[in-house]
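Novice: Sharing a structure below in structure tokens format, with a few things to ask.
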Amino acid sequence: MSDVHRAMEAVWKIESTRLIAAIARVTRDIGIAEELAQEALVAALERWPEEGIPENPAGWLMTAAKRRAIDRLRHGQMLVQKHEEIARELQGQQQRLGEAMDRALDQVIDDDVLRLIFTACHPVLAVEGRVALTLRLIGGLTTAEIARAFLVPEKTMGQRIFRAKKALSEAHVAYETPRGEELQRRVMSVLSVVYLIFNEGYTATSGEEWMRAALCDEAVRLGRMLVQLLPGESEVHALLALMELNASRTAARRGSNGEAILLPDQDRSLWDDARIQRGMTSLEHAQRLGGEAKYYALQAAIAACHMRARTAGETDWERIVLLYDALMETAPSPIVALNRAVAVGMALGPAAGLDALDAIATPAAGSALAGYHLLPSVRGDLLMKMGRLPEAREEIRRAISMTQNLREQELLTERLQQMDSDQNARQ
């Protein structure tokens, strides 16, 4: 790839969101907005290799998009035309709309980007559609890149993005930043999408890789963008803190051959101190805004407990249990209950952890975890620590059969082999 094309990729990654957002402010249709932005990129691909990269590449793209948008307007492609309108009136409408487009595209502000984010994460869309559209429009990723990240065919991902755009258009979703209580609800939708992206990168649902760091980095970038756009929202700072703190362990979570390394076995000297500091600062900011007892703030506080421990043995598990207790009151869920059982096992011993786990693994309470591989994995670990090896083996085998991630399968298989090895050594 030439230097020009590499530079163009970098410019597009940085500027595409603002470009699409500015056009969408006028067209009120993100599908059309993306088309116009893509046309501007095509024009750049044709001209920059010959003419060189302009001094202000972002401005060049904006001007190119503006010209194409106005051209469409003047050809009536974005007008609701009535058959009885006379040519003079139609021409007047086109001229006024063209002037409006001209003014709007010269006034790109952060509010445009915020409106685009709220639109891409609108609850009218299925969650998978929100994730795909956010990565496409705000992340600047290509359809092929998103498809690779989620291990689906490019055609499937393209259809998913197309359906999401169509759903927004058919639902006549207002291209605006919500206010009042609606703002709070929609902020949580946006944050949940960003966190889903981060988690898929942090521990991949399926495939041969334990994690996909590029997705984590993209989610953190989106988090930083949201902090700039919504500085008064405590949970925005808290989510960024949570992601920064967890991402700080990236280098220690994988071995030289890509194998998974769990938290107790990690070389803590590999943790990223700069990211830890940024995460702690964001958490303090969230707490100063009064959000210390909210969902993401509590999770970030749990991550901070791990960060403060110089060794696994110094981890303050009693505090982590209390934080999970608070999280169960704030946002109870089977996953939170499962994580709490792990913490109880570390703080009070494996028997207490198993009791906490069995309380949520009943047919009535545990249906949401029925297909979740970490339930038998955790249970197997607790049983192993209690010396109940036959039961532990059975649970680990169940976990292996349920996970779709090759690295997790390897990790669980190794645990199974270690149990067999330890038993043989004792005989």
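The values are calculated or read from the model by the stated rules, or taken from the named source; none is laboratory data. Because the structure is predicted, anything quoted here is derived from the model rather than measured. Note: ideal-geometry Cβ built from the backbone for every residue, glycine included; neighbour counts use all protein chains shown. Keep in mind that these areas ignore ligands, DNA and RNA; they rest on the heavy atoms of the full protein, side chains included. Shrake-Rupley method; radii C 1.70, N 1.55, O 1.52, S 1.80 Å.
Novice: State which entries of Lys13/Lys166; Lys155/Lys294; Lys66/Lys165 exceed 32 angstrom in Cα-Cα distance in the structure shown.
Specialist: Pairs exceeding 32 Å: Lys155/Lys294.
Novice: A further question on this structure: Nearest 10 degrees, 0 to 90: what angle lies between the long axis of helix 406-426 and the longest principal axis of the chain (Cα atoms)?
Specialist: On a 0 to 90 degree scale, this one is about 10.
Novice: Positive end of the dipole of the chain, charges at C-beta (+1 Lys, Arg; -1 Asp, Glu), about the Cα centre: which of Leu151, Asn339, Gly52 has its Cα farthest in that direction?
Specialist: Ranked along the dipole, the leading option is Leu151.
Novice: Also, quick follow-up: By how many nm would the segment from Gln417 to Trp317 lengthen if fully extended, with 0.36 nm per residue of separation less the alpha-carbon distance?
Specialist: Working: separation 100, 0.36 × 100 = 36.00 nm, distance 2.82 nm.
Full extension of this stretch gives 33.2 nm more.
Novice: Sticking with this structure for a sec: Nearest 20 debye, what's the magnitude of the dipole of the chain about its Cα centre given +1 on Lys and Arg Cβ and -1 on Asp and Glu Cβ?
Specialist: Values: 51 positive and 59 negative charges, 89 e Å.
Its charge dipole is roughly 420 debye.
Novice: While we're looking at this one, here's another question. Roughly how many whole Å is it from the C-alpha centroid of the stretch 50-69 to that of the stretch 173-200?
Specialist: 31
Novice: Further, regarding this structure: Given a Förster distance of 56 angstrom, what is the FRET efficiency for Phe162 paired with Glu391, based on the Cβ-Cβ distance and rounded to 0.05?
Specialist: That pair, Phe162 with Glu391, gives E of 0.70.
Novice: Can I ask one more? How many nm separate the modelled label positions at Asp325 and Ala293, each set 7 Å beyond the Cα in the direction of the Cβ?
Specialist: If labels sit at Asp325 and Ala293, their model points lie 1.4 nm apart.
Novice: While we're looking at this one, here's another question. Any chance you could run the full-extension gain for Asp355 through Ser269? It's 0.36 nm times the residue separation minus the Cα-Cα distance, nm to one decimal. Intermediate values should be presented prior to the final figure.
Specialist: Values: separation 86, 0.36 × 86 = 30.96 nm, distance 3.47 nm.
Using 0.36 nm per residue and subtracting the Cα-Cα distance, I get 27.5 nm.
Novice: In whole percent, how big is the carbon plus sulfur part of the accessible area of the stretch 202-336, probe 1.4 Å, protein atoms only?
Specialist: 52
Novice: Which of Thr362, Thr27, Thr315 ends up with the largest GNM mean-square fluctuation for the chain, with Cα atoms connected below 10 Å?
Specialist: Most flexible of the set in this elastic network: Thr362.
Novice: Ok, one more. Any idea what angle helix 57-74 forms with the longest principal axis of the chain, computed on alpha-carbon atoms, 0 to 90 degrees, nearest 10?
Specialist: Roughly 60 degrees, rounded to the nearest 10.
Novice: So with the 1.4 Å probe, I'd like the accessible area per residue for the chain, rounded to whole Å².
Specialist: Spelled out: the 1.4 Å probe surface of the chain, per residue, equals 50 Å².
Novice: Taking the stretch 215-267, which GluC sites (Glu not before Pro) meet the DSSP loop condition and have no more than 14 other C-beta atoms within 10 Å? The partial results should precede the final answer.
Specialist: On the way: sites: Glu218, Glu233, Glu235, Glu244, Glu259; in loops: Glu233, Glu259.
Those that pass, being in a loop and sparsely packed, are Glu259.
Novice: Using only Cα atoms, tell me the angle between helix 87-105 and the longest principal axis of the chain; keep it within 0 to 90° and round to the nearest 10.
Specialist: It is inclined by approximately 50 degrees.
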